[in-house]
1. Counting other Cβ atoms within 10 Å of each Cβ, which trypsin sites (Lys or Arg not before Pro) in region 71-162 have at most 15 and sit in a DSSP loop?
2. Please work out whether region 203-289 counts as rounded, prolate or oblate from its C-alpha gyration tensor, where a ≥ b ≥ c are the square roots of the eigenvalues and a/c under 1.5 means rounded, while otherwise a/b larger than b/c means prolate and anything else oblate?
3. Which pairs in the list Lys167/Lys389; Lys389/Lys432; Lys370/Lys409; Lys20/Lys352; Lys182/Lys370; Lys20/Lys166 are over 29 Å apart, alpha-carbon to alpha-carbon?
4. In what order do Met16, Met1 fall by count of nearby beta-carbon atoms within 10 Å, going from fewest to most?
5. Helix-derived [θ] at 222 nm for the chain: sum -39500 (n - 2.57) over DSSP H runs of at least 4, divide by residue count, nearest 500?
6. Out of Gly290, Asn425, Ile44, whose Cα points farthest toward the positive end of the dipole of the chain (charges: +1 Lys, Arg; -1 Asp, Glu; placed on Cβ)?
7. Percent antiparallel among DSSP beta bridges with both residues in region 265-370, to the nearest 5?
8. Using only the alpha-carbon atoms of region 265-370, report the extent along each of the three principal axes, biggest first, to the nearest angstrom.
Amino acid sequence: MPIQPLLDAGTAAANMAEIKPPYTPQEALIEANRCLFCFDAPCIMACPTGIDIPSFIKKIANGNLTGSARTILTSNVLGASCARVCPTEVLCEGACVVLDLEGDPVKIGRLQRHATDHVYENGIEVLHAPAEKNGRSVAVLGAGPAGLGCAAELAQLGYGVTVFDKKPEGGGLNTYGIAYYKMRPEISIEEVRMIGRLGVEFRYDTAVGRDISVADLERDFDALFLGLGLGGANRLGIPGEDLPEVVDALDFIEWIRTRPLQDVPVGRRVAVLGCGNTAIDAVTQSKRLGADTSTIIYRRGEEDMPAYHFEYDLAKADGAGFLFHTIPLEVLGENGHVKALRLAKTEVRDGKVSVVPGSEWIEPFDLILKAVGQEKQTELFTSLFPGLKLDRKGRVEHDPATMQTSLPKLFVGGDCANGGREVVNAVAEGRKAARGIHAMLGGGSVSGPVQPSRHGASDGAVGSGFNNPIRVPELLAAMSK
């Protein structure tokens, strides 16, 4: 039978509540004062966008939430999204000195959310573009994190920027592909609106190569930025894959983010193929939306899974099942719908996976979610941009310092350049590309935030207004004695 919604609106909303709710003002103040305000803070080095973390936390401790948000957003225009979706446990919080001292890091992500929520909820603008443009224009292809990072930086440097995207809303995976319990889509939409208020124009429902040609873009703009993401899920290459209940995990997540929760169809018995972070998002959300069982099937062992361990722990806490060293051989159907999977056990020798002879069995499922990696859009890129160089993994080749490609007017960032990393990496690459474009068009080099402080020392660099800032090497040396 076709899959159906399983929960009423109230139950679905309760099950999909945020796993990291916002701090109260008192909670944020207490957490901010746990920070040691390190002078050469390792958390800054661990952040791909280089946010001045001790500075923004110090401002929270001093009650200056607007200044704190300004410090965040001048380095990472998607600071509100990243506060919710970044794997802070392995980035800034994983590098926190307090983690070594107390066993629990300063909750940088939740403090970042506290500051950025303040300016959004109160309609406070902390980013500004020059009143007069510099006469140059740039086309940004893709309104995902990389494209938004590039567009915002260029707008603040005085460029006219137009962003093209085939979707009806901007934000990319932040809007369409993040687990609902991590971030609501309206957060991403508000970030896009903020970037629009910098003077960036957005043209939605517009696919490059279909609705507008690259030749037109090259004629009308001084430079182009390519920020398109990856394609659909890789095919399994097994019989029965084309049955209607075999669905890309990202498509399933998009259903959740674009429909009322009580209208999202879910199987009673769900299989998720793969064990990366998208697979964890899919298995957890299907369980929260009423699936009786939701099971990850992964051909390698627990020690080999790409998913972060804190995500793995969350899925187990939500009741998800795991079949390691297991591979699907066939999707079995009945009356045109998924009925089961034929599975087999695997073994790994010298890094290669093989099926254990005689280990096959049939497991009933009614929804199969594919999270086995996404296809590179190599054919699209080379058809749009003849002569564009790709590496052997299908990523667009580029200068890592400027993000310039083999085509001088074309710059790149995000998944099409890095093969699929975190949102914060995409923002950082978009910002770097914007500065590369600025230099290429004769604007010179830019270092540090585009917008200098508007409010004196309280909004300044690391150490500004600090009481006895800690120098990390000296602290660690003292700890080792």
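Values in this text are rule-based calculations from the coordinates and carry no lab data. Please read these numbers as outputs of a predicted model, since none were measured by experiment. Here the Cβ is made from the backbone with ideal geometry for all residues, glycine too, and neighbour counts use every protein chain on show.
1. Answer in residue order: Lys133.
2. It comes out prolate by the Cα gyration axes.
3. Result: Lys370/Lys409; Lys20/Lys352; Lys20/Lys166 exceed 29 Å.
4. Numbers: Met16 20, Met1 12.
Ordered from fewest to most neighbouring Cβ atoms within 10 Å, Met16, Met1 come out as Met1, Met16.
5. Numbers: 19 runs with 171 residues, N = 481.
Here the helix-only value at 222 nm equals -10000 deg cm²/dmol.
6. Ile44
7. Details: 16 of 28 bridges.
Percent antiparallel among DSSP bridges in region 265-370 is about 55.
8. Taking the Cα atoms of region 265-370, the three principal extents are 40, 39, 17 Å.
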